[in-house]
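Below is one structure, written out as structure tokens; the observations come after it.
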Amino acid sequence: MRLVSEVQRIAPEKIGLRRDLSHYGFDSISFTEFAIHLNRCDGLSLMPTLFFELADLESLAGHLLVNHRDALRAKHP
């Protein structure tokens, strides 16, 4: 939620895990910026198109835990 808050300049308490990311104004440009932040901070290699498939933060978190668990553990022990 913190990163969504920073990228879209929204108060974290206004962000819902199940609300579609497009509700917060995400588009292809901001999804690219979001992917760059996640990739840089967490050692991932996500493509911005992923966020069109995983429309909310809950889906994204589930995807990251299933598909990128080792990379996330390495960065966030």
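The values are calculated or read from the model by the stated rules, or taken from the named source; none is laboratory data. Only a predicted model underlies this, so the values are computations on that prediction, with no experimental measurement involved. Heads up: the accessible areas ignore ligands, DNA and RNA and are worked out on the full protein's heavy atoms, side chains in. Shrake-Rupley method; radii C 1.70, N 1.55, O 1.52, S 1.80 Å.
Observations
- Per-residue ellipticity at 222 nm, computed for the chain from helices alone with -39500 (n - 2.57) per DSSP H run of at least four residues, works out to -16000 deg cm²/dmol.
- Accessible surface of the chain, 1.4 Å probe, proportion on carbon and sulfur as whole %: 54 percent
- What the chain shows is 66 Å² of accessible area per residue, with the surface traced by a 1.4 Å probe over protein heavy atoms.
- A simple rule links phi to the HN-Hα coupling: the Karplus curve 6.51 cos²θ - 1.76 cosθ + 1.60 with θ = phi - 60°, which for region 61-77 gives 4, x, 4, 5, 5, 6, 9, 9, 4, 5, 5, 5, 5, 5, 8, 10, x Hz, with x for Gly and Pro.
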